[in-house]
Amino acid sequence: MIKKLFLAIAALAASMNIAFAQVDVNKADAAALDSVKGVGPSMSKAILDERAKGEFKDWGDFQKRIKGVGDKRAMKLSEAGLQVNGKPKDGAAMAKPEDKAAAKPAKASKTAAKPEAGAKAAS
C-alpha cells in the first residue's frame, strides 16, 4: 500500500514539473512544443519547418516567421513556458505553482458572494 502511495505522489510531482517546464523553440522536438499550452500540432510543425531554415534569433524573429503569433499571443506562450534562445518574452509574467494555488481561493470566494447578492435582490 505504501508503494502505491509513493507511486501516486511521484506521478503527481512529475506531472507538475511538465506543466511548468521551460521549452526552447530552438531545441525542442514536436512533443515538447505540443506540451506548451497554446501550441498545437500545426504550430509545432510551423515552428519546426521555420527552424529548419535557421534558428530563431529572438522573440521578434519568432513572431515574424510564425504566422498568427502577435504580441498578445507571444506573451501567453511565454507565460506558458515557451522560450526563444533560453529567454522569455520581455514583460511576460512567469506563473509559479504557488501563485496559482493562492489565486484559486480568491475565485471561489467571489463566486460564493454572488448568490448572496442575488438573494438580496430577490427579497
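The values are calculated or read from the model by the stated rules, or taken from the named source; none is laboratory data. Just so you know, these numbers come straight off a predicted model, no measurement behind them. Cβ coordinates were reconstructed from backbone atoms using ideal geometry, including for glycine residues, and neighbour counts include every protein chain displayed.
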Answer yes or no: is there a residue in the range 74-91 that is more than 21 Å from Ala31 (Cα to Cα), touching a Phe, Trp or Tyr at 6+ places or on another chain (Cβ under 8 Å) and either loosely packed, with under 13 Cβ neighbours inside 10 Å or at pLDDT 90 or above (or both). yes
Show the residue pairs meeting these rules: Cβ distance below 7 Å; 6+ apart or different chains; first residue within the range 39-50 and without any contact (Cβ under 8 Å) to a residue 12 or more places away in the chain and of a type in the set (Gly, Ala, Ser); second residue assigned to a helix (DSSP H, G or I) and surrounded by 14 or more Cβ atoms within 10 Å (Cβ to Cβ). Gly40/Asp34
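Check the range 19-29 and report whether any residue there is under 15 Å from Gly81 (Cα atoms), at pLDDT below 70 and under 19 Å from the mean Cα position of the chain (by Cα).
Yes, there is a match, as at least one residue in the range 19-29 is under 15 Å from Gly81 (Cα atoms), at pLDDT below 70 and under 19 Å from the mean Cα position of the chain (by Cα).
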Lys37: surrounded by fewer than 15 Cβ atoms within 10 Å (Cβ to Cβ), part of a loop (DSSP other than H, G, I, E, B) and under 17 Å from the mean Cα position of the chain (by Cα), yes or no? yes
Answer yes if at least one residue in the range 70-79 is outside any helix (DSSP H, G or I) and closer than 19 Å to Ala32 by Cα, and no otherwise. no
